[in-house]
Structures are given as C-alpha cells and as structure tokens.
Amino acid sequence: MTPPASPQRPSLLARLSLLVAGLGTFLGATILLASNIGAEPVPLAVIADSARSYLSGRPLGDDSQLAYIFWHLRLPRVALGALVGTALTVAGGSLQGLLMNPLADPYLVGVSAGAALGASAVTVLHFGHLAGGAVKCLVAFGSGALTMLLVLWLARSQRRIQRNAFILAGVVVGSFMWALVTLLMTLAGQDLQTVVFWLMGSLYGQLDWRVVAVAALLIGIGCFALYAYARDLNLLALGEEQARHLGVETEKLKLGVIMFAALVTAAAVSVSGIIGFVGLVIPHIARKLVGPDHRVLLPTAGLLGASFLVWADTLARAISEMFPVGVLTAVLGAPFFFYLLKRRNR
C-alpha cells in the first residue's frame, strides 16, 4: 500500500503574499479605527465623503470640522506611528540576524543618541518649528547619520568590521552623545520641558503631513534596502566562514545592514524621540510566528510593529493626549526583555 504523500510546504511567495495580505489588512483596519478614536468620533460616511471631496477638488460639506479632525489632527499622528513601528522592528530584526544576538535592538548602534542631540540642538536654538517640524526631522536624521559614520569608523579594523568592536563603539559613542544632550538640557532654559518630553518618546504634536512625507521617504528607502539583504542574513546564520563560501560578501553585508538599520532608526527617532523595546520585542514575536527566514520575518515584523505602535499610541492617547508612548512601550516591553535575558542565561 502506497503511503500518503506528505503535504507540500507552501512556496515562499505564497507564504509571503498571504502574510502581507492578512497583516496589511489588519494594519489598514487599525489605522482607520485608531484615527476614529477620540472625543469626537468621525462616522465612516463622513470619512468616505471627505475623501471623495479631496480627490475631486470640490469643497467639503457640512461635516467639514469632523473631516478636518480626521485628516489633519488624527491620521497624520497614526500614520507616523505606523511608520516608526515599521522602522524600529525591521531595523531590530536585521540587527539581530546580523549580530546573531537576540538582545540586539536598533538603539544599540548609538545612532539614537546622535539623532537626539540634533533634535535637542534644534529645539534649544528655536528652529524646531520650521516647515511644520520637518527641519527638526532632517537635522535629527543628519546628526544620527553622522553618529553612525563615527561608530563605523571606530569599529573598522584592517578593512573589516568587528562585530564586538561595533557594539562597544556604539555604546561609547552613544554615551558621549547622551552627555552632550545632557549639556544642552542644562542650557535649554524654558525649552527644557520640550526637550525632555521629546526624549521620552511621543507622537504628540506630529500633525504635519510634510513630516510624515519626509519620514515615509527615509524609512521606506531604508526598509527596502534592508529587505534586499534578507537572503544573505539567512546564510550568515550558518556562520561567517560558511556564508563566505556560499558567495556572501560578509563585509559588504555588515556595512550595508548596519548603515541602513542606523539610517532607518535615525529617521524614526527624528520624528518620535526614543521609543524603546519595540525593535527588540516585536521581531521575537514575529520569529515565533513565521520562523527565522528573514525574507518572511522582516515584512511580518514590520507590519506587526506598525500595528503594535499605533495601538500603543492610541492607548497612550486614551490615558492623556500628551502621554508619552515611549513610557508605555517600556512598561510593556521590559518584562519581555527580562524573560529573554533569563532564558538566554539558562
């Protein structure tokens, strides 16, 4: 008697398409629902009618105030939350694969401190409000990118990036940048509260579509670039020597992943401040759901991270409009970090 044939595993494209369709639909529903939560609920009919009005160029109807609340007060903040969540989780998943360290996260490279320095300087110099906050975003991104170049320079030895040296360089440079941020805080005067509130991690006040557009451009380029390294990250898991034998240019891989993860992190930090644990926790959850294949893991983590941060910020808004979402993610993420640490030490 012929034994029954074992069921075939779905192809990569089929798995990826199914996951992206399902999680993308969930993210779309999340954005729509989260944008409608608040003191003034906006009916779906008003949203649909105002969307048609915007697209056709005709004036809004009697519900123009509700439409304005949805399109200009809530949706930009929610969209930015989705972008930041995607950036942190894709960067975190990529760094964990590169460093083969489950405790790695996007802030490991020190770039967050560099971005914080740029944003703090702009705030103290009273340039942060220009172009609806887009100038602050670009300056923070630029200072984060310069910090990344400094870390790479320190970690590079004999034309190779040493992974342990990279981690140490990130810690040292990050500590130095935080010292400069502290110095700026002593000079901030009446701007001290603004600087501290931003450093706690918050999407409050991000209501300008120009900021969203800048963040979307930078984060989109960085995430697509990181996904291009997914196959090489899979091969690197076999060992650096084995990956080289299989055709992976390991030094180019290290440089590319570190550079784009840092740039994506800088873009996220430049618009939201320091939102911790998202880039550490969500990639682990995604890995449990879909396995270690980075070609599936990174898109899954990005979509999960986007939905998670949108709902976390919605909960923060329910507590108080100005409640920092970074505090909430730390409260939720710290126990998971303790679990990972204890499990690693067994």
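Quick note: the coordinates plus some simple rules give every number you see, no bench work behind them. Computed from a predicted model, the values in this text were never measured in an experiment. Note that we place each Cβ from the backbone using ideal geometry, even for glycine, and neighbour counts take in every protein chain shown.
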Can you work out the base-10 log of I(q)/I(0) for segment 172-276 at q = 0.09, 0.14, 0.21 1/Å, using the Debye formula on its C-alpha atoms alone?
-> -0.37, -0.74, -1.09
Listed residues SER320, TYR339, VAL84: farthest to the positive end of the dipole of the chain (Cβ charges) = TYR339
If a/c stays under 1.5 just call it rounded; otherwise compare a/b with b/c (prolate if a/b is bigger, oblate if not). Do that for the chain, with a ≥ b ≥ c from the square roots of the Cα gyration tensor eigenvalues.
-> oblate
Tell me, what HN-Hα J-couplings in whole Hz come from the Karplus equation 6.51 cos²θ - 1.76 cosθ + 1.60 at θ = phi - 60° for each residue of segment 153-170, using x for Gly and Pro?
-> 5, 5, 7, 8, 9, 6, 6, 10, 8, 7, 5, 5, 5, 4, 4, 5, 4, x
Evaluated at 20 °C and 1.002 mPa s, the Stokes-Einstein D of segment 281-346 based on the Kirkwood radius over Cα pairs, in µm²/s, stands at 163 µm²/s
For segment 239-248, just list the computed ³J(HN,Hα) in residue order, Karplus coefficients 6.51, -1.76 and 1.60, θ = phi - 60°, integers in Hz, with x standing in for Gly and Pro.
-> x, 5, 5, 5, 4, 5, 5, 8, x, 7
Along the charge dipole of segment 150-298, Cβ charges K/R +1 and D/E -1, which of GLY276, TYR229, ALA215 sits furthest on the positive end?
-> TYR229
When the charge dipole of segment 191-320 is computed with +1 at the Cβ of Lys and Arg and -1 at the Cβ of Asp and Glu, the Cα pointing farthest to the positive end, of VAL264, ALA286, GLY239, is that of ALA286
List, in order, the whole-Hz ³J(HN,Hα) value for each residue of segment 172-186 obtained from phi through the Karplus relation with A = 6.51, B = -1.76, C = 1.60 and θ = phi - 60°; use x for Gly and Pro.
-> 5, 5, x, 4, 5, 5, 5, 5, 5, 4, 4, 4, 4, 5, 5
Take a quick pass over the chain and tell me how many lysine pairs come in under 29 angstrom between Cα atoms, counting only ones 8 or more apart or on separate chains.
-> 4
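Show me 242-251, 296-305, 93-102, 213-222 ranked by packing, highest mean number of other Cβ atoms within 10 Å first.
With the highest mean Cβ count within 10 Å placed first, the list reads 296-305, 93-102, 213-222, 242-251.
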